[in-house]
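K.L.:
Okay, here's the structure, questions in a sec.
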Amino acid sequence: MQAPFAPVPMQAEPATAAPAPRPVLQRPPIAAIVQQHADDALHLRHVRSVLVRAPHVRLLQLGRLDERLDAHLDGLAVAGEYGQARAQAALEQPGCGEVFAALTAALQAQDAAMQQRVLALAPTAPEARRGIVSALGWTSAPLLREPVRALLAAALPWQRALGMDACRLHRVDPGPALAKALREADPVLRLAALRAAAALGRRDLLPLVLAALDTPSLAAAAAHAACLLGDRGAALRTLAQAAFATPAACDLLRPLAVQALAPEQARAQLRQLMPMAPREAVRAIGWLGDARLVPWLIERMEDAALARVAGEAFSTITGADLAALALERPAPADFAAGPNDDPDDDDVALDDDENLPWPDPPRVQRWWQAQASAFAGAAPCFVGAAPTPEHLGQVLRTGTQRQRALAAQRLVLLQPGQALFNVAAPTWRQRRLLGLPGRGG
């Protein structure tokens, strides 16, 4: 078992990586340019949090954004102390992006005092903690060895929880600290340990994970983790109950429940969900992967409120790219979604289906008639084929972010005990793990 952040390269980093600081300008930095780097880093971090869950974004597009974000972080690093000061100045309003940029700059500069100042924000606000965890996931592993080792050995539970999060995001085993954390009473630390155990595929810790089912505040997270680790008994029952307890969207639990339940049980849950939340039921049919329901999905494409999500479910099952195959149409002329320019309209909700194509039902129907025989008997079907490990690996390379997240989860359900692929990791790290050409580091 790998020791926690031992003085060897972490799993996701190249063997030649070294924690050397980035070069610093030998002339005074230009204040306006450095400030632009800081502002754009905050903005792109926010954009990235949307794109990693987007229905139309693939690894290539995410990689282009990562290159832009890293270039701005490089600009802050090259500006030396002045760049760090610009990143730190944003902490006057410590939101997720501000904290992300400040901690990333402090880690790059190996400034231990500044790292401690930023880390101390974690227990003060959820947004600050999110920014810290994001920076720990973004930063290259050699720069994290000492800070994370200190976090894992810290006295305060919230500090050890951050150490667990860093190990989870880099898919590095924290060693005995993980089993110890699963026995702790602190809910934040225990939750971080549950997530780490699942992400790392630590099936040997399944009894400790299942024990958390008895703690109401942790039951759903424990059920999620235990199902990924292979339990199909109490954990799956708890997961299904939590996933369908409300008709509202439940993107952490419901996709796993639909994939892990026996097909007839999943269909029964979706039949109950349909009258209360038809949009959520249509989404879940895509996760179920039952090609026999494709004609029903095509009928839903006639309903403007369900058309785009039905198209996404259709693509999730068949692998058909509606845009590439010219199976889309313009939005209906009378359709309005999300906020508008009317100052008297109180509706400020964003369009949940933004960036999804509008399927053209007649064209989709003709395509399906020509292709349906290829899907006969394929149950479940995921992005056009049976979800074998080989096919799921291909989806991780070429699919959309939502498809990739489902593929990573399906791989673990098929083969419990392996690490859960992190589709939100920096793309150069993902590409290396997938055997794709691209930047290292």
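The values are calculated or read from the model by the stated rules, or taken from the named source; none is laboratory data. Predicted model, so just to flag it, every value in this text is computed and none were measured. Methodologically, a virtual Cβ is constructed for each residue, glycine included, from the backbone with ideal geometry; neighbour enumeration extends over all protein chains shown. Each accessible area value is taken on the protein alone, full model and side chains, heavy atoms only, with ligands, DNA and RNA left out. Shrake-Rupley method; radii C 1.70, N 1.55, O 1.52, S 1.80 Å.
K.L.:
Between GLN93 and GLU67, what's the calculated FRET efficiency when r is the beta-carbon distance and R0 is 22 Å? Round to 0.05.
P.N.:
Here the calculated transfer efficiency is 0.25.
K.L.:
Could you give the semi-axes, largest first, of the ellipsoid that matches segment 188-272, computed as the square roots of 5 times the alpha carbon gyration tensor eigenvalues and rounded to whole Å? It would help to have the intermediate numbers written out before the result.
P.N.:
On the way: eigenvalues 95, 36, 21 Å².
Largest first, segment 188-272 gives 22, 13, 10 Å.
K.L.:
So which trypsin sites (Lys or Arg not before Pro) in segment 25-110 end up in coil per DSSP with only 15 or fewer other C-beta atoms within 10 Å?
P.N.:
Details: sites: ARG45, ARG48, ARG53, ARG58, ARG64, ARG68, ARG86; in loops: ARG53.
In loop regions of segment 25-110 (DSSP not H, G, I, E or B), the sparsely surrounded trypsin sites (Lys or Arg not before Pro) are ARG53.
K.L.:
Given only helices, namely DSSP H runs of n ≥ 4 each adding -39500 (n - 2.57), what is the per-residue ellipticity at 222 nm of the chain, to the nearest 500 deg cm²/dmol?
P.N.:
-17000 deg cm²/dmol
K.L.:
Sticking with this structure for a sec: What length, rounded to one decimal in nm, is gained on full extension from ALA185 through to ARG271, with 0.36 nm per residue of separation minus their alpha-carbon distance? Please report the intermediate quantities before stating the final value.
P.N.:
Working: separation 86, 0.36 × 86 = 30.96 nm, distance 3.89 nm.
Here the segment from ALA185 to ARG271 would lengthen by 27.1 nm.
K.L.:
Where the accessible area of the chain is counted over protein heavy atoms with a 1.4 Å probe, how much of it, in %, is carbon and sulfur?
P.N.:
56
K.L.:
Next question, about the same structure. Along the Cα→Cβ direction, 7 angstrom out, place labels at GLU127 and ALA245. What is the inter-label distance in nm?
P.N.:
2.7
K.L.:
Whose amide H sits under 5 Å from the amide H of PHE382, counting only residues 5 or more places off or on another chain, with H placed in the peptide plane?
P.N.:
Answer set, sorted by chain and number: none.
K.L.:
Calculate, for the chain, the solvent-accessible area per residue in square angstrom, rolling a 1.4 angstrom probe over the heavy atoms of the protein chains.
P.N.:
45
K.L.:
Next question. Please report, to one decimal in angstroms, the Kirkwood hydrodynamic radius of the chain built from all distinct Cα-Cα pairs.
P.N.:
23.3
K.L.:
Which residues make up the longest stretch of the chain that has no GluC sites (Glu not before Pro) in a DSSP loop with at most 16 other Cβ atoms within 10 Å?
P.N.:
1-183
K.L.:
P(r) of segment 77-212 in 10 Å steps, Cα pairs, percent per bin?
P.N.:
Histogramming segment 77-212 at 10 Å steps yields 13, 43, 30, 11, 2, 0 percent.
K.L.:
While we're here: For segment 389-441, which trypsin sites (Lys or Arg not before Pro) are both in a DSSP coil and crowded by at most 14 other Cβ atoms within 10 Å?
P.N.:
Hits after loop and neighbour filter: ARG439.
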